[in-house]
Structures are given as C-alpha cells and as structure tokens.
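Please read the structure below before turning to the comments.
Each reported figure results from applying straightforward, stated rules to the coordinates on display, with no laboratory input. In this text, all values refer to a predicted model and were calculated from it rather than measured experimentally. We place every Cβ from the backbone using ideal geometry, glycine too, and count neighbours over all the protein chains shown.
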Amino acid sequence: IQGQLRPKPTPWWKAERERLLQLAEGGTPRYVYHLPTVRERARQLTAIDAIDRRYYAIKANSHPQILKTLVAEGFGLECVSLGELRHVFEVLPKLDPRRVLFTPSFAPHTEYAAAFELGVTVTVDNVEALRRWPEVFRGRSIWLRIDLGYGDGHHEKVTTGGKASKFGLAVARVDEFVDAARDLGVSIVGLHAHLGSGVETRAHWRQMYDELAGFARRIGSVQVLDIGGGLPIPYGQDDEPFDLGDWAEGLAEMKAVHPAFQLVVEPGRFLVAECGVLLASASQVVEKDGVLRVGLDTGMNALIRPALYDAWHEIINLQRLDEATDGVFDVVGPICESSDVFGHRVRLPATTVPGDAMLIADAGAYGYTMASTYNLRALPVEDVIE
Ligand code: LLP
C-alpha cells in the first residue's frame, strides 16, 4: 500500500445482497456488521511498521463481536467512560488491562479512581483534576492529553482542538501541569493529542507527532506518543480516498526523527464504518410541491449523523439493486423533527414502493452507539456476518 491511492473498494454488501434481504425480512431497522471487513481494515493498520501500538476507539461501535475481532487482531481498546470500561471487561473478562486506555473528558473523579483500580492506562487533560483530587492521582503513572492549539475534522462539531474545544490541556499550561504532577509524585509516561474525526489534512499528523515529541523531550519521563484517531473513510463515491500509504510514510519519517518514543494510534471510524449497513423498509412514498419523498421505518434515532453533521451516506434500494436509479427522492425518517432526513435528492429506482428493503451504507461507525429511542421508536437490532 505504500505510496498508492486506495480506490473506494467494492462494498461487501453487494455480494451479500441475498443474505441481507433475508435478514431484512426478519424485521427492520437492523444494523448488520461484516467482520471480514473489520479484519481487512485492522490488517491495513497492523501492516504499518511505524506504529508500535494500536487501540480501537470503542465509541464508534461497541458490539461485542467487533471488540473481540479487533482484540484478536492485536488491537487494544480505548474507552471514554466507566460504562465503556465495564462493557469491555464484561465482553473480554481476560483482557489485560494494560491493553485498555481511558481517555475521558470532564469525567467525575470517581471514574478516574475506578479506572486506576481496574489497572487501565488513564489520560488526564487538565491541572484542576490533579489539584482537586490529589488522593486519586498521587503516585500514579498517567498520559497527558495536550490541545496543540488546532483541530481538524469533517465537521466543526467533531473538531477537538483549539480554543473553542473543551478537550486537552492548553500548551501554555504544560509546565504548570508538570509541576503539579511532580508535587504529587505523578509520572507522565505518555502524551496524547487528537485533532478531531475525519481528518483529511495529512500534514497535521506529522505536525502533531513532531510537536508532541518536543513536549516529551522537555518533560523527560514520556515513553509513548499517542496521536489519536481521526482517519477518514470515503463516504461518497467521488470522495478522494484517504492515502494510507502516504500517511504511513509520514509517520515513518517522524519516527525516524524521534526514534525514542513508541507511536500509538487509536482510530474508530476507519476500522468499522465500512463494515456496517443499516437496513430499513420503505414506509411511504409521497409527493409534495414537486418533491418526491420516500420514508423509511427508522430515522435520525437510528442514525443521527446526517441530521447532526449533514453527513452523507449512500442510500440504496436493496430490493431493486439491479434496476436503473432513474428517480430522485428525499429519503426521510418517521421522527417528528425537520432534520430527520437521511439524504436529499437521492437517486433511486423510480419504481421504489413501500415495503422495499433499503440500505444505508458505511453506517458501522457512530451509528448504533449514537442511536436513541426518541419518539419511543425502538432501537435497531444488530446482526453480524462472520
Ligand atoms: N480518540 C479520541 C480521544 C476521540 O475523541 C475519538 C473520537 C477517537 C479517538 C476516534 O476517532 P475516529 O477515528 O473515529 O475519528 N460522532 C462523530 C465522531 C465523533 C468522534 C469522537 N471522538 C461522527 O459520527 O462523525
């Protein structure tokens, strides 16, 4: 893969159409996850030598079989709440806690205490926590999350750096943090930064690695540099695919400049987005003022990304996969909110009728984990294709 563009691969669900139609008959809405795709993405990352350790950000999709698959592929797990930590050890009771990161934001101090108790690696991102709860942190080894002053991502709502962001310790307060840590006998063994989600600017990765290495030298005790997650995936047919080879080359160059540190990444989306589809049934087809709408039996309660970030997901009439997409529809859900739209001006067969099985693609990341029962609509069920 070095230096090569990754073309948008043929989606797995084309070959699995019959199976998906059968599953849809068993009831919709329904998420289906394709584990071979998860393994394929995992192996693309394990093939990159410059990376020393890989963690999976389970907030993207915490389905037990996805966690088991990624742990079997050598990944550790990154959690952001006590709920996620408990889930991980319930699914994988024998998992070595040293393979688990806890990277919370504004968590209650009891969650830090519980995480230390479990023996996982805890990341702290402010001085105030150390000062207010010295008994929780005294004598511990921790990672420090720094806000390098800039963020990135597919939408302003998923950018996690810079002044407007709640995440990370400001660069100007690093020395203060180091002093407070020293006073408590806290050892800073890792540095962490995460710019946001869906980061396309590859220069940013190098820059953050370089800057973290600079801080690490100043602090002295740091062994690990964690440059977060944020790898994008090509949602659109015309999206420029992320150049993983180029990304890996950049990391290798940085690694050569700063060989003293272990490089850690913690992606979520990249590993699981493409493995998942949301199956739904067309409920009604309605024309209003020249706009044709097809309704689905589920909406933003099952997949909130289009409503929340104007995110684009490919929508397919699975029933009529072989027919020409000669109609134009807005695809909407049944939720009482105007933002309950999966897609505007979507090309679908003009023959689309209520009862057709519909598929929303690339829904494996931040789909089910962000779903709700708003309007008292049921949560989707989840299936796995091994
Ligand atoms: N590490 C940290 C500290 C994070 O906050 C996140 C994501 C990740 C890793 C994984 O990022 P990824 O590789 O998945 O981009 N709901 C939004 C994305 C929110 C991401 C939150 N943090 C979406 O659907 O686009």
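Go ahead and estimate [θ] at 222 nm for the chain from helices alone: -39,500 (n - 2.57) per DSSP H run with n ≥ 4, summed, over the residue count, rounded to 500.
That calculation yields -8500 deg cm²/dmol at 222 nm.
Put +1 on the Cβ of each Lys and Arg and -1 on the Cβ of each Asp and Glu in the chain; which of I48, L296, P108 then has its Cα farthest toward the positive end of the dipole?
Checked the options; the winner is P108.
In 10 Å bins starting at 0, how do the alpha-carbon pair distances of segment 81-152 split up by percent?
Spelled out bin by bin, segment 81-152 gives 18, 51, 25, 6 percent.
If you average 1/r over all unlike Cα pairs in segment 139-283 and invert the result, what Kirkwood radius do you get in angstrom?
Hydrodynamic radius (Kirkwood, Cα only) of segment 139-283 equals 16.5 Å.
For segment 35-272, state what percent of all Cα-Cα pairs lands in each successive 10 Å bin, counting from 0 Å until the bin that includes the largest distance.
Histogram of Cα-Cα distances, whole percents per bin: 7, 33, 39, 18, 2, 0.
Got the relative contact order for segment 35-272 handy, in percent, Cα pairs under 8 Å and 6 or more residues apart?
Relative CO of segment 35-272 lands at 21 percent.
Expressed as a whole number of Å, what is the distance separating the alpha-carbon centroids of segment 242-256 and segment 58-129?
Comparing the Cα centres of segment 58-129 and segment 242-256, I get a distance of 27 Å.
Going by Cα centres, segment 175-212 and segment 333-385 are how many Å apart?
The distance from the Cα centre of segment 175-212 to that of segment 333-385 comes to 38 Å.
How do 183-191, 204-212 rank on mean C-beta neighbours within 10 Å, highest first?
The most tightly packed comes first, giving 204-212, 183-191.
Applying the Karplus parametrisation 6.51 cos²θ - 1.76 cosθ + 1.60 with θ = phi - 60° to the phi angles of segment 83-100, what ³J(HN,Hα) value in whole Hz is obtained for each residue in order, glycine and proline being reported as x?
x, 5, 4, 4, 4, 4, 7, 6, 6, 10, x, 8, 5, 5, x, 5, 8, 10
What does the charge dipole of segment 274-385 about its Cα centre add up to, to the nearest 20 debye, if the Cβ of each Lys and Arg holds +1 and the Cβ of each Asp and Glu holds -1?
200 debye
With the dipole of the chain worked out from charges on the C-beta (+1 for Lys and Arg, -1 for Asp and Glu) around the Cα centre, which of Y150, I227, L191 lies farthest toward the positive end?
It is L191.
Work out the charge dipole of segment 35-272 with +1 on the Cβ of Lys and Arg and -1 on the Cβ of Asp and Glu about the Cα centre, then indicate which of V71, H204, L118 is farthest towards its positive end.
Value computed over the given set: L118.
Angle, helix 174-183 long axis vs. longest principal axis of the chain, Cα atoms, 0 to 90°, nearest 10?
Approximately 60 degrees, to the nearest ten.
Roughly what % antiparallel, to the nearest 5, for the DSSP beta bridges in the chain?
Antiparallel bridges: around 40 percent, rounded to the nearest 5.
Report the charge-dipole magnitude of segment 35-272 in Debye, nearest 20, computed about the Cα centre from +1 at each Lys and Arg Cβ and -1 at each Asp and Glu Cβ.
So the magnitude is around 680 debye.
Taking amide H positions as placed 1.01 Å from N in the peptide plane, with prolines and chain starts having none, which residues 5 or more places from I335, or on another chain, fall under 5 Å of its amide H?
Excluding prolines and chain starts, which carry no amide H, the hits are M300.
Rounded to the nearest 20 debye, what is the charge dipole size of segment 1-137 about its Cα centre when +1 sits on each Lys and Arg Cβ and -1 on each Asp and Glu Cβ?
Taking the Cα centre of segment 1-137 as origin, the dipole is about 520 debye.
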